[in-house]
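Here the structure is laid out as structure tokens; the discussion comes afterwards.
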Amino acid sequence: MFLSIPYISEKVWGYERWIASAHAVGNSVADKASSPEYAGKSLGEITGGDFPLLVKLIQANDTLSVQVHPDDDYARRVENTYGKTECWYILDAVPGATLVCGLNKEFTRAELEAALKNGTLSDCLNYVPVEKGDFVFIPAGTVHAIQGGLRLLEVQEPSDITYRLYDWGRPREIHVEKGLEVTKCSAPEPVKHFSGVFSCKYFRLEKCVVSREEPVVQLPGKRKEASAILFIIEGEGRLSSSKGTELSVKKEDTVILSADESVSVSPAAGQSLTYMKITFPA
């Protein structure tokens, strides 16, 4: 296991920390002090580039563009890459925070195209109030936008393909034709009060709260060097590995586990520790 040092991407609306990434745009790196075995290596080097997720910590001080991502079939055919299904776990939110998740009714492509041309797309969007601890699933093809005042954990396919439909007047490139081609014009219901576990074909999330030393249960998998990601949501503590490694962890640390080690987690004295375990299909 090792602590992951993120790739940082500054944005006009805030920033992204790519906390578990083997993507060509930016790799996360193994912290030298946490792992003699992988010291200073990128996640791409450690896994041979075979890493099926991109996990980000996103700070949105302002609203992101209204955007949509292609599914696997379209992305492979047109962009030669993965599609982008993703999810968000809300880490913090200002009072009254909202985000855009889907459309507010069924629209035809022609209706959406007309809304883009006459500047009324915002009237078609589904604005959803969110607070700390909420969970949002964004299947590929869902129109969406993170709005200002939100901090969240994003788990997605390893793709950096984004089609902007509208950018609130900012002078950035817009991708209307491709965006409309991949948009699912329905009004989904992907917002959930997080039950603690979510699974789809691309990833599985499990929120765990520990008040005493407990093992981290790993699913069997083929990716020996990186079989699970632990993101510390709240608290401090210690991780102990069967390989003899011990790590002190705190809020918003990211630890990557290998499949050939057993790991236990212990909260600091008098505390509980909350973490998100992220795994993927074998």
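Descriptive notes on the structure:
- Hydrodynamic radius of segment 207-265 by the Kirkwood approach over all distinct alpha-carbon pairs: 11.8 Å.
- For segment 232-282, the convex hull drawn through the C-alpha positions has a volume of 74 cubic angstrom per residue.
- Each peptide in 255-263, 29-37 receives the mean, over its residues, of other Cβ atoms within 10 Å, and ordering these scores from highest gives 255-263, 29-37.
- Spatially proximal aspartates and glutamates relative to residue 41 (Cα-Cα < 18 Å; intrachain offsets below 8 disregarded): 31, 50, 225, 253
- Summing charges over all other residues whose Cβ lies under 11 Å from the Cβ of residue 54, with Lys and Arg as +1 and Asp and Glu as -1, gives -3.
- FRET efficiency, 1/(1 + (r/R0)^6) with R0 51 Å, evaluated for residue 118 and residue 243 via beta carbons: 0.25
- Whole-angstrom gap from segment 156-196 to segment 47-114, using each part's C-alpha centre: 4
- Segments 149-156, 274-281 sorted - mean Cβ within 10 Å per residue, highest first: 149-156, 274-281
- The fraction of accessible area contributed by carbon and sulfur in segment 1-42 is 54 percent, rounded to a whole number (1.4 Å probe; ligands and nucleic acids excluded).
- Between 0 and 90°, nearest 10: helix 109-118 axis offset from the chain longest Cα axis: 80
- Peptides 231-241, 39-49 ranked from most to least packed, by the mean per-residue count of other Cβ atoms within 10 Å: 231-241, 39-49.
- Calculated P(r) tail over 34 Å for the chain, as whole % of Cα pairs: 21
- Using the Cβ-Cβ distance between residue 80 and residue 271 with R0 set to 41 Å, the FRET efficiency works out to roughly 0.30.
- The charge dipole of segment 105-255, taken about the Cα centre with unit charges on the Cβ atoms of Lys, Arg (+1) and Asp, Glu (-1), comes to about 320 debye, rounded to the nearest 20.
- Residue-span extension gain [residue 250 to residue 61] - 0.36 nm each, minus C-alpha spacing: 65.7 nm
- ³J(HN,Hα), Karplus 6.51/-1.76/1.60, whole Hz, each residue of segment 250-265, x for Gly, Pro: 9, 3, 6, 6, 10, 10, 10, 9, 9, 6, 9, 9, 9, 9, 10, 10
- Translational diffusion coefficient (Stokes-Einstein; Kirkwood radius from C-alpha pairs) of segment 158-282 at 10 °C, 1.306 mPa s, in µm²/s: 92
- Probe 1.4 Å, accessible area per residue of segment 198-282, Å²: 46
The values are calculated or read from the model by the stated rules, or taken from the named source; none is laboratory data. Not measured: the values here are computed from a predicted model. Cβ atoms come from the backbone with ideal geometry, glycine included; neighbour counts cover every protein chain shown. The area values use the complete protein model at the heavy-atom level, side chains included, leaving out ligands, DNA and RNA. Shrake-Rupley method; radii C 1.70, N 1.55, O 1.52, S 1.80 Å.
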